[in-house]
Structure formats: structure tokens, C-alpha cells
């Protein structure tokens, strides 16, 4: 992975501090607040490991000593954002490598935080301090004192336009209050941070409190702001990552007909459907709110809902179901399960009518999306989605005094007895283990976009997301552990958004300047290659929909001549992202006088890479040099009118790449979720690898959506198909489970 130049420059100070300390006379003072024990000497041969909470998870530092010197010092953060925290860790490791052979007794943890990766840097610093103290036999005696203060700090959150403002009050060497001010976060997600994370920080006086699942970025913004406050007032925020003790209790819950694992869109409809059909239902979700990623999407596909036909179309159908089914099956090349596609198409309209009439949901008019047939099959949610989803579950909970649900409760295992599923084991945010027993289990955990190991294994990359990343494949993994089969699990994920690989949220660039970087990864005027260095589409096509073909990153390649032309004449056809738009604008045929300054900032954030030759560019990007040079040669031939472009792009939008220097601007698709998952039948029962059904195990939503599709083609473009399947499969599974097991 290529490091960010910004990281290299700023981390150098920390590296120098470590190196100078290691080259000193050996009489340096220990870390402030630390007291040597009577025998503070390093072990002759030993390894020391410590972890601290980073942005995406634990960051671990390992120190190996040989005698009294450093043998190896490394940091790992597999869940940190690749181009930001991940790049910072690469830089720290390069600095650490220079310390091999230095005296352990002279090491310190006085690293500078890396701009743009504050949480990762603080975690490295905290873990480094711990291993150095372990190796030197030093015990921390306390934290550096902080001055009383009340001030507002800003940190990047989910919003790509507005940082999170947080007022932090410090008094008597403690965090006395945390108040969130102006921000651009999704209100329902941020509220889970306000309601849960902030009280836990205040109670524990620690920044090692777990981030709120489903609100990791917003949680990080609040923690970052508190860390800024501590550092600005004489303290050392790395000393505030003290471990928070977890409980070890086990709680047993029994007597349920249906257990619903996940309370996003599919879990919500599973829960309310099972409850209204007489089942005693228990639901659980990792996140601190109901709705999951479904509260982030526009709306579902619904085929001919009666309420909308009456309101919009004189009671007539919007589309003939058989025409749609035939089109769907043809697109999926015979791989989709016809009986389930047919069931979905025929039941989806009723699902919408049911939510409207029985649970107070509201939807806008049925419209078309981007499919060539332009069938009206998609409707946007109206009103606050989190409120609608939560109200529906609460209404269903009241249908039976046994019904209940818990949030921040994460399923870890399916419990079995004699091969039959008998319940779910789960862990609460405070460490308490729950064993929940019931007659049937519905898996509604939202697919596996948030699990980098699974996306690497099945999809070949780690993808940027416009989704809630608590969806880590728990349902799929738990079922597979029992012998469940999968269906189209390796098909591309859902993507309708493209932007720069890293979205700059700081104010180093104006909105219009950020729009230039966005335009560079979206304009048809570039040559685009994927992670293997090959072209994969016509750049005049729909980059937002087709970027998946290039892998988890794509690169827009330009010559120096093109950049000079943009600076002097502007772009012929600038483009802007449909979503994740930062509010700026690039006018066609308008000179971009400050282009060099924009590209320089882009280089600092690992968005822009410059090289004198294509060979050097390939090396810097880590792509195949033969593929890149071949693509450029063929592209140049088409641009010069010497050959037809293999992707059919018009030569008027092409420029020669025969002469350098060269630029690559990194773009990425931002995914809503995964498509493939568990194999199921039309009753939503999970199928084993031999094709037989688990009698009492069901899978809905993105845990089973692959049965509708094919791994030969991407996600369909009718509009809202995933969300339609989410709410419809849940309704059907809940009813089926209740009918089979209610009252047993």
C-alpha cells in the first residue's frame, strides 16, 4: 500500500524523536507520569504486545527485544481505513524499522499525531507507550494533569461537507461534559452516540470505550474532539485510553417461538410479521438503533401496490408482472431462482400496502429508476425512516407480553442440539453473554460489506461504503458453520456512487476545488484502469454504476498535456457525483487556474499520484506495468484515429498518452451492501450444501439476496430491488416461522 506524503512528512518528526531518544546517553528521564519499579530491566529475549482503540478497531503494537536492544517494532491496524489510518500505520512502521538495534531503555512514545489520522495515531502512541513501559519494567503512575477548560473542537464525521463541533469541558483533571453542536451527521445515527457513547465516556473517564456499532464514524468524531481538548490543555490523550472493564456474566432467555437476528429492514419486517401472526418474538441488533442500512437508502421496489395504483394510475397496473419476471430472468442468464424471483415480484406490492395500512409507513409516488424499460416500480420513503421502523417494532412488541428486543447485542453463534438450531448466543456491549432459546431463528444481519476478510475472499477487495458497516456477515458465517450453502456470494456488490478514493473533509480545499478532484475521477476525458492496470469500460459510460469492474479502486489516467489544458481551458465535460457531493461546482470550458495547488493537496491525501513515465506510475500504484502500458498504447492509437476504441469511446473525448509526465487520480465505488449470501428456498429456509433445508432456520434481506441474481452480472437497475427484497423477504419469513412454530 502506498503511503500518503502528508503522513510521511508529519510522522518524520515522531520518527526523529524516537531515533534521537534511542541514540542518547541512556540517562533520559522516563515518560512523564511513569515510575520505574525496583528492577526495571528488559527481559533478555521477549516480546511485548499492547492494543488501543483506533478508528476502525484495535491497533496493536508489538515490540520484540533481544538482550537490551530492539529486535523488531511493528504496528498493525487491519480495520483502519486503508488510505488514511492504514497509510499512517505504514509510515509508522517505516519509522519503527529504523530503530532496530537501539537500546530499549531509551525508547519513548513521543510521536506526533498524523494529520488526518488522529485516532489511529493516538492508538499507535498509546500502544507504543504500553509496550515500551512493559519492556522497561515501568508502571504508569497516572495521567498528566489537564487544565480546567470549556471549548469547542471540530472533528470529521460522516458528513462530507460539515465537521462535527463538540464542546468539551474539563474540570478537576476529568472530562466533565461533552456536548455535540453543529454537524452534518445523520440525526438518528448521531443520536445513538449522544445517548450511549457520551455517557459511557463520562462514566469511565476513558476514550477506550467501544464506539457505537452503526455509528463508528460519528463516535470517532466525538472521541477525537475529546482527545483534542485533553491535548490542548496540557494533557496527553494517549494516557486516556485506559481499558474499560467488561462483564463476564451469562444471562439465559427462553420460551420464544421466533428469534430475529438483526433489526434492520428485513429484521424489522420479520419481527412484526412473526408477532402479528401470533409468535412470541425476540429481536436483537448490533447497532444502537433499529433500521440498519435501510434507514440510509431511498426506498424499495414494489410491483403494483394497490394503494399506489389507486392513487396514481386509476387502479391500473404500472407493469405486467410476467414481463418484468421474464426480463429479470433473462438478465440473470438463468442463474436466478425463478420461483423466488416470481414470489418477490408478486408479493412486493402487498408488502408496501401492508406497511402503509398497518404500520403507518409513507412512500412517495411510484417511479422509474435507471433501467432501460423505465418501468415504474420504485418509491422513496417519506418521513423519518428510523422513527417509522422503530414504531413498527414497538407496536409488534406490544402484541405479546413475551415479545422483546435488545440493541447493542451482537450474535456470535447459533446454538444447536442434535443438529437442530435451538437458539442464539450473543454478547452485549458491556460484555454480558446472552443465551437466547427459541423454536426458530431468522437471520437478518445485512450481508457482509463490513467484513474486510469476507469481501477480500468473495469479492476480491476491500470496498468503500455508503452504508452502516456493522454488517459483518454474522448471519452468513453462523449458518455456514453449520453446513449452510451459499448462492451467488461472489457477485458484485450494490454500487451506484463513485467519488475520489479518499474524500477530503478538511478545509484545505474549497468546495469548488474538491469538486475538481471529483470531476477528475468522473469525467469521460480520462483513461480509466482498474487495480490490475487494465481498462475495463468506456469512460463515457456510467462510471458510478460500472466502476465495480475495476476492483475496489480505479485510476483516472492523464498526461501532463491534459492537465495543462484543464488549467488553461477547463474540462470539456466535467461530472459530479450524484451522492457524496460536497457542494462545489466545475464549469465546462472554464480554466482551472489553481489546478496545480489542488493536485498537490490531492497528492498529500493519496488521491493523486504523479510520475515521469507510465512504468514509474505503475510501480507507484502497484498495478501491472504491462497492462498499464498496453492500455495506454491502445488508447493513444484510438485517440489518434489509428484504430477503433475497443470499448467504443468516441475519439473526441480521448487524448494521446504517448508523452508524460503522468497523473493517476484514485476513484472508488461507494457500496450500499453485498448481494450474494446464503442459499434459501421459497419459504426463506436456509439450505444446506446438499440442498436440503434447515427446518427452523431462515435467512432474509442481504443475507440471502443472491438467489435473485447471478454472479455473471451486476445488481439489477430497476430501482430499489434490494430494499424491496429486504422488506418482502422479512414479511414472508416472519409469517412462515410463526405458522410453523408459534405456540410450540
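Values in this text are rule-based calculations from the coordinates and carry no lab data. Given the structure is predicted, the values throughout are model-derived calculations rather than measurements. Cβ coordinates were reconstructed from backbone atoms using ideal geometry, including for glycine residues, and neighbour counts include every protein chain displayed.
Once the gyration tensor of the Cα atoms in segment 505-616 is diagonalised, the equivalent ellipsoid follows with semi-axes of 20, 17, 15 Å, ordered largest first.
So for 428, 487, fewest C-beta neighbours within 10 Å to most, what's the order?
Arranged by neighbour count, lowest to highest, 428, 487 become 428, 487.
The translational diffusion coefficient of segment 589-744, from Stokes-Einstein at 4 °C and 1.567 mPa s with a Kirkwood hydrodynamic radius over alpha carbon pairs, comes to 63 µm²/s.
From least to most packed, judged by other beta carbons within 10 angstrom and beginning with the fewest, 371, 496 follow the order 371, 496. Neighbour counts of other Cβ atoms within 10 Å put 675, 332 in the fewest-to-most order 332, 675.
For residue 630 and residue 600 in one chain, what is 0.36 nm times their gap in residues minus the Cα-Cα distance, to one decimal in nm?
That works out to 8.0 nm of additional length.
Per residue, the convex hull spanned by the Cα atoms of the chain amounts to 178 cubic angstrom.
Once the mean 1/r over all distinct Cα pairs of segment 553-670 is inverted, what Kirkwood radius in angstroms do you read off? The partial results should precede the final answer.
On the way: mean 1/r = 0.0652 Å⁻¹.
So the Kirkwood estimate lands at 15.3 Å.
Residues of segment 663-684 with an amide N closer than 13 Å to a point placed 7 Å from the Cα of residue 490 along the Cα-to-Cβ direction: none.
Take the Cα gyration tensor of segment 93-229, multiply each eigenvalue by 5, square-root it, and list the three semi-axes largest first, rounded to whole angstrom. Write down the numbers at each step before the final one.
Working: eigenvalues 186, 65, 33 Å².
Over the Cα atoms of segment 93-229, the semi-axes work out to 30, 18, 13 Å.
Compute the separation of the alpha-carbon centres of segment 153-193 and segment 689-738 and state it in Å as a whole number. Their Cα centres are 38 Å away from one another. Counting only the Cα atoms, segment 144-190 fills a convex hull of 81 Å³ per residue. Computed over every Cα-Cα pair of segment 431-472 and binned at 10 Å starting from 0, the pair-distance distribution P(r) comes out as 25, 36, 26, 13 percent. I'd like the distance between the alpha-carbon centres of segment 226-304 and segment 611-660, rounded to an integer number of Å. When both Cα centres are located, 48 Å separates them. What's the long-distance tail for segment 149-240, i.e. % of Cα pairs beyond 21 Å? The calculated P(r) of segment 149-240 puts 21 percent of pairs beyond 21 Å.
For segment 290-430, the alpha-carbon coordinates run over 51, 37, 25 Å along the three principal axes, in decreasing order.
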